[in-house]
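Below: one structure, written as C-alpha cells.
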Amino acid sequence: MNAPNKSGWKPEMQVSEDGLHNGPSTTTGNRALMLEEPLIFEIGHPETTGVDLPEIDPDAPNRLGGFDRSDPIGLVGLTEPETVRHYTRLSRQNYGIDLGFFPLGSCTMKHNPRLNEKVARLPGFADIHPLAPQQSVQGALQVIHELGDWLMKLTGMPGVAMSPKAGAHGELCGILAIRAAHTARGDARQVVLVPESAHGTNPATAAFAGYKVEDIPATPEGRVDLEAIKARLAPDVAAVMITNPNTCGLFEKDFREIADAVHAVGGYVYCDGANFNAIVGRVRPGDLGVDAMHINLHKTFSTPHGGGGPGSGPVVFSEALKDFAPLPVVRKTADDSYELVEEEGRKHRGQSFGRMTAFHGQMGMFTRALTYMLSHGADGLKQVAEDAVLNANYVLRSLEDILHAPFADSGPCMHEALFGDKDFGGGLSTLDLAKALIDEGYHPMTVYFPLVVHGAMLVEPTETESKASIDQFITAFRSVTERALAGDESMKQAPYYAPRRRLDETQAARKPKLAWQDPEPSA
C-alpha cells in the first residue's frame, strides 16, 4: 500500500505484485467507509489550536523559576472536529474484544462486563487518592481486604499481598519472600529450578532476584519431568517455579508429588498463576503444596490488559511464607474499621522483606475484580473455568485433524489449545498463517510460544465465547491452514485487506523510529 503524502491524500492504488487487486482505484486512499488516516503530524499545524488562548502579557511575572522553554515545542494542533475524527478513524483500524472473537483469550483480551466499569467509576472509587487519610477511604480499604479474602479462599492459602502491579511483579514478590524466608534461617541457597513448560518470565524473575536458574526438561507428553526434578533436588535449591496449568495447555498431574519432594529438601514451591482461569473454583493451589502464587486479576477476573495495562498481580502465600510478604497490608481492626499497615517492624509482619511499590496496588483493578467475583459467586466462578476448558477442548478437537497438535494425546487441554506448523508447504511459517488470519477478520492467536513446540500457535477461546462464534473462527482457521499446507505463497504477503500491509518486524525491533521527523523538502 502506498504511503500517504503530506496532505493525507494517496496516489491511485494499483494491482499488487501478487496479482490481487485491492478494489477500485481511488484518489483518497479510502476504501468505502474504511478511511485512510495519516499521522497527526501530517494533518496538523503548530499554529493551529482547538481553543482560543489569551495573549501572554510580556510584562507579567515569570512563574517558571528559570525553566522557560527556549525552543518551540513542535507539537501540532487540530481543531476539535479534526481531533475527534482523527482518533475515531484510528480506533476503527484497531481490533478488540468488542468487535469479535479474540484468540489470545484470557492472556490479553477476556470479556470485561460493563457492570465492572460502572462500579469502578463510582465516586469514592474513581476519585480517591493513595495519600488520602485512612479514615476517609474506609470503603476502598474494605474492598482491598474483602478481595484478598476471596483470593485466599479460592486458593486455599492463608496469606496474601495485594500490592504487586502485574504478573511478573507478582512473581518477583513471591521469589523475594522465598529469599527472605531462607535468609531468616541463615540458609544461603542459590538455585531456582524452572521447567521448560513454565512461563518465560519465570527464569527472568529468578535471575533478577539473584538466583542461578537451572532448566528442567519436559516429558514427551508436555508436562514437567518428575524424575528429573527429583534427581536435581539438593540443599542448594531454594525453590521450584512451576506454571500450572502449564504453557502447553496441560494440568501438571504430578504437582503434589513435586511439591512434597521440594519441601523435603527445604525448598519452596512457586506457582505461576497466570492460567488460574482454567482451574478457579475447581482446584485450590494450597492443597497442592504451593507456597507462593501470583494471580493475574486482569486474566482470571476480567478487565482486558491489551496494550500494556492495566494489570494487577496479587500473591497468595502458604503458612510458611505469609509473614515474609511485603508491606503495606490492609488489616481489619477490633472495631470493624480498616487500617493500612505500612511500617516495617510492626508485629503483624515483622519479617516482611519490605515494599514492592510506593502505593497499595491498582484500585481500579481491585474494584473490577471484586465486582466480577460477587456477581458470579463461587459456583459461577467454577462454571467460568469449566466453560473456558470446554471451549478450548472444542477448538483442539475440531482442528487436530488438520493442524499438528503435539499434545492432543496427553488428555484434555485446559483453557488453551496448542498447535504447531508441521507440514506447512512452500516455506510458509506460523507468521504467514497469522497474517493471513487478519484478512479473515481475526486478530492472530499467540504465536511462537511456548518454545517447546515448533511454530507454536496458542488459542484461548475463554468462557464467554458462544459455540457459533467459535465455529466461525474454526472455519476461518481451517481455511488458512489448508492454504498453508498447500504452500500458497500468496500468504507470504498477507495481510492484503488490513489498514496496513505487512511490516518488516525485524527492522521495527532493531531500528525503531520512535519520534516524528519532518521529511526533507523535495528539491
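Overview of results
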| read-out | value |
| --- | --- |
| Å² of accessible area per residue within region 437-523, as computed with a 1.4 Å probe and no ligands counted | 61 |
| Of K110/K332; K153/K299; K118/K467; K118/K435, pairs whose Cα-Cα distance is over 25 Å | K110/K332; K118/K467; K118/K435 |
| In region 41-137, the trypsin sites (Lys or Arg not before Pro) that fall in loop regions by DSSP, at most 12 other Cβ within 10 Å | R63, R69, R121 |
| Accessible-area value, W150, 1.4 Å probe, nucleic acids and ligands omitted, Å² | 50 |
| Neighbour-limited loop hits for trypsin sites (Lys or Arg not before Pro), region 362-448 (at most 16 other Cβ within 10 Å; DSSP other than H, G, I, E, B) | K422 |
| Rounded accessible area of L431 (nearest 10 Å², 1.4 Å probe) | 50 |
| Karplus-derived HN-Hα couplings along region 26-38 (A = 6.51, B = -1.76, C = 1.60, θ = phi - 60°), whole Hz, x at Gly and Pro | 10, 8, 9, x, 6, 10, 6, 8, 8, 8, 5, 10, x |
| The chain - percent relative contact order, Cα under 8 Å, separation 6 or more | 16 |
| Phi to ³J(HN,Hα) by Karplus 6.51 cos²θ - 1.76 cosθ + 1.60 over region 142-152, Hz, x for Gly, Pro | 5, 4, 4, 5, 5, 5, x, 5, 4, 5, 5 |
| Region 314-427 pair-distance distribution - Cα-Cα, 10 Å bins, rounded % | 11, 23, 22, 20, 16, 7, 1, 0 |
| The chain: antiparallel DSSP beta bridges as a percent of all, rounded to 5 | 55 |
| Solvent-accessible area per residue, Å², over region 206-346 with all protein chains present [probe radius 1.4 Å] | 35 |
| Amide H contacts of I242 (H built 1.01 Å from N, under 5 Å, at least 5 apart or other chain) | Y270, C271, D272 |
| Surface share of carbon and sulfur [accessible, 1.4 angstrom probe, percent] for region 81-123 | 59 |
| Evaluated over region 43-182, the Cα radius of gyration and Dmax, each in Å | 24.0, 68 |
| Mean shadow area of the chain over all directions, Cα convex hull, nm² | 31.5 |
| The chain - mean residue ellipticity at 222 nm from DSSP helices (-39,500 (n - 2.57) per run, n ≥ 4, rounded to 500) | -9500 deg cm²/dmol |
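The values are calculated or read from the model by the stated rules, or taken from the named source; none is laboratory data. These numbers were taken from a predicted model, which means no experiment stands behind them. Heads up, the Cβs are rebuilt from the backbone with ideal geometry, glycines too, and the neighbour counts pull from every protein chain shown. Surface areas here come from the heavy atoms of the whole protein model, side chains and all, with no ligands, DNA or RNA. Shrake-Rupley method; radii C 1.70, N 1.55, O 1.52, S 1.80 Å.
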